[in-house]
Amino acid sequence: MTFLELQNVRKIFPNGVVALQDVSLRVERGEFLAIIGLSGSGKSTLLRCINRLIEPSSGRILFEGVDVTHIRGEQLRQYRRRIGMIFQQFNIIERRTVLENVLVGALGRVSIWRSLVGAFPMEVVEEALHNLEIVGLADKATERVRMLSGGQKQRVAIARALMQRPEALLADEPVASLDPATSHSVMRYLEEINRQLGVTVICSLHFLSLVRRYARRVVALRAGSIVFEGAPAEITEEWFRYIYGDEAQEVEIR
Amino acid sequence: MSRRWQSVLLDFGIGLYGAVLLYRIVWVHMVQDGEAPPVTPPELGFYAVAGLIVVGLGLYLRCTLGAWIRWRQELKQWQRICALHWGLTLLVLTIWAGWVITKVSPLDLLSAEGLRSAGRLFGALLSPEFSILDKALAAMVQTIYIALMATLFGLPPAVVLGFLAARNIMRGHPLTFAFYAFLRVLINFTRSVEPLIWAVVFSVWVGIGPFAGMLAMTVHTVAALTKLYSEQVESIDSGLVEAVESTGAHPVQVVWFGVVPQVVLPFLAFTIYRWDTNVRMATVIGVVGGGGIGTLLMQYQGLARWHEVGLIVLVIAAVVWIMDYLSARLREAIA
């Protein structure tokens, strides 16, 4: 059974913008899939359809063979718990501590009142500290997030996602606001999570050099449609021009 | 509404308004120097015709303000200058009308007798009577507490309503959105009724005194804070909300972890600012019987004891200044 399957997914926003048209895609368990394309080509919408932050206008999304296209309420929350997500802008609580932020990832399995008063069970807190260790921030647990660097913030977000014990991790341009060296550090953590924990990673990226270095498979979007699917090495000069337009020039990030 | 209808409506309004001013103020009031007669149907017809004439001018000669907002750059030089003169004429007529209507009279302002009385009064105000200082301070304390209680009582409902009156929180479902729309109307109505009028309402309800004043300000505080809070909630970064949603958290948890951390400090700042505003407002409300220093002020003013009034004004000014300063400092500290 395919791990994740999108069948003819279309998304038209209320303002009439067609973000995705007829996207079909299969993702196998344990893959490291990169999604590339210009800004506005539909990468973010595609990722948000997968964990159903966005509901597709038509088409189907199957997760382990189960149709999740239009689920709602508790069913939707249960589904979201199985998929972690990290963002370009990190989206963590600046004024709280690192640990408090990581615990947010466990909200799905902690009772509402416990989470509201901040009384997380001991084993959850221990798991959070363990996940901080995985991303190399064990010594920062009690520090306020706003004191951290961009790369560290993204690692906090990764630790938060790990709290969901996710089967898949969606990454929406995770390194787009980081400098090259930090980008590699964050990407290596994603690689490690993919290889050692067996988490399927679906990651949108700007830089082809990062795609070649980390992804095993690439999907390219152009104006809401998939125009390329294959191994990173197969993206030739011609494909590059087709995906990014004639004006584009490849920039290397080392 | 399309640009075209806006321009036609504007021209019609200008013609009508200009005709009313010319006839009522310039002709009846200034030339005939009489009391304004009741409005008659022919007069209304005359106004409407004037409006239509300006609309016609705008459409055919394109030399009115309406034409200007509709065609802007396409207009010729003389048409633009003409439109500008419409504006200037209206401005002059309006100021003239305002002068007549508010009965502005420099003679009264500068009359010898008036100046003497004012001088006496200012003299008395400037030599305040310090023997009633304890009485004034006690009344001031009451005023400050009226303001404080109104703020504290208004706070909890305003926090809840602040979320319920925020578009981004309520738009998920038609039912919640309908409630949001209803709440918006209610809050805007409540806010548009001045606390002074609420004080009148409550003094009939619970009797004249500090309690009525406090209730009046509580109502107004709820409305004002709800508006400020909800705007803050509406302006949050949706990224954090998305992140918490993506963990599979319950909507209550999404609000608590995704929205609340972003609004706590602004809420606090608004609340402090509100207390400060309420102290000033409580003084005024006291004047209509809401208790505190305002009521004391009214009593002495009624007795024409201006030295005592001078002291009360002094106390009010000092306290308002201190509150202003403290609230600004506090808000700075948490920002």
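The values are calculated or read from the model by the stated rules, or taken from the named source; none is laboratory data. All figures in this text were calculated on a predicted structure; none of them were measured in a lab. Here the Cβ is made from the backbone with ideal geometry for all residues, glycine too, and neighbour counts use every protein chain on show.
Which count do you get for residues in the range B:233-254 that are assigned to a helix (DSSP H, G or I), farther than 13 Å from B:V159 by Cα and more than 7 Å from chain A (Cβ to nearest Cβ)?
Summing the residues that are assigned to a helix (DSSP H, G or I), farther than 13 Å from B:V159 by Cα and more than 7 Å from chain A (Cβ to nearest Cβ) in the range B:233-254 gives 5.
Within the range A:102-118, the set of residues being more than 9 Å from chain B (Cβ to nearest Cβ) and either more than 16 Å from A:M163 (Cα to Cα) or not hydrophobic (A, V, I, L, M, F, W, C) (or both) comprises A:S111, A:W113, A:R114, A:V117, A:G118. Residues of the range A:51-100 that are among the hydroxyl-bearing types (S, T, Y), part of a strand (DSSP E or B) and farther than 30 Å from A:S149 by Cα: A:S58 alone.
Just checking, does the range B:258-268 include any residue being more than 14 Å from every other protein chain (Cβ to nearest Cβ), in contact with a helix residue (DSSP H, G or I) (Cβ under 8 Å, 6 or more places away or on another chain) and surrounded by fewer than 16 Cβ atoms within 10 Å (Cβ to Cβ)? So far as the range B:258-268 goes, no, none of its residues is more than 14 Å from every other protein chain (Cβ to nearest Cβ), in contact with a helix residue (DSSP H, G or I) (Cβ under 8 Å, 6 or more places away or on another chain) and surrounded by fewer than 16 Cβ atoms within 10 Å (Cβ to Cβ). Among the residues of the range B:180-197, those that are crowded, with 16+ Cβ neighbours inside 10 Å and more than 15 Å from the chain's Cα centre (by Cα) comprise B:Y180, B:L183, B:R184. Selection of the range B:98-119 for residues being touching a residue at least 60 places away in the same chain (Cβ under 8 Å) and farther than 27 Å from B:H29 by Cβ yields an empty set.
Report yes if some residue within the range A:173-195 is within 14 Å of another protein chain (Cβ to nearest Cβ) and out of contact with any strand residue (DSSP E or B) (no Cβ under 6 Å at 6 or more places or on another chain); otherwise report no. Among the residues of the range A:173-195, at least one is within 14 Å of another protein chain (Cβ to nearest Cβ) and out of contact with any strand residue (DSSP E or B) (no Cβ under 6 Å at 6 or more places or on another chain), which makes the answer yes. Go through the range B:48-83 and give me each residue that's touching a Phe, Trp or Tyr at 6+ places or on another chain (Cβ under 8 Å), without any contact (Cβ under 8 Å) to a residue 40 or more places away in the chain and of a type outside the set (S, T, N, Q). Matches in the range B:48-83: B:R62, B:C63, B:L75, B:R80, B:A83. Does A:R26 qualify as being within 19 Å of the chain's Cα centre (by Cα), farther than 24 Å from A:R213 by Cα, modelled with pLDDT under 95 and of a type outside the set (A, V, I, L, M, F, W, C)? Spelling it out, it is not the case that A:R26 is within 19 Å of the chain's Cα centre (by Cα), farther than 24 Å from A:R213 by Cα, modelled with pLDDT under 95 and of a type outside the set (A, V, I, L, M, F, W, C). Of the residues making up the range A:1-56, not one is of a type in the set (D, E) and crowded, with 22+ Cβ neighbours inside 10 Å. Contact map, the range B:10-23: first residue crowded, with 19+ Cβ neighbours inside 10 Å, second residue not in a helix (DSSP H, G or I), Cβ cut-off under 8 Å, separation 6 or more or different chains; pairs are B:D11/B:T64; B:I14/B:T64.
Taking the listed residues B:L155, B:L215, the one that is out of contact with any strand residue (DSSP E or B) (no Cβ under 7 Å at 6 or more places or on another chain), over 15 Å from B:V284 (Cα atoms) and assigned by TED's automatic domain parsing to the domain that holds B:W256 is B:L155, with no other qualifying.
Of all residues in the range A:57-74, none are in contact (Cβ under 8 Å) with a residue 40 or more places away in the chain, surrounded by 14 or more Cβ atoms within 10 Å (Cβ to Cβ), at the interface with chain B (Cβ under 8 Å from one of its Cβ atoms) and not aliphatic (A, V, I, L, M).
For the range B:180-195, does any single residue satisfy the condition of being in contact with a Gly (Cβ under 9 Å, 6 or more places away or on another chain), assigned to a helix (DSSP H, G or I) and assigned by TED's automatic domain parsing to the domain that holds B:S238?
Within the range B:180-195 (the criterion being in contact with a Gly (Cβ under 9 Å, 6 or more places away or on another chain), assigned to a helix (DSSP H, G or I) and assigned by TED's automatic domain parsing to the domain that holds B:S238), the answer is yes, since at least one residue qualifies.
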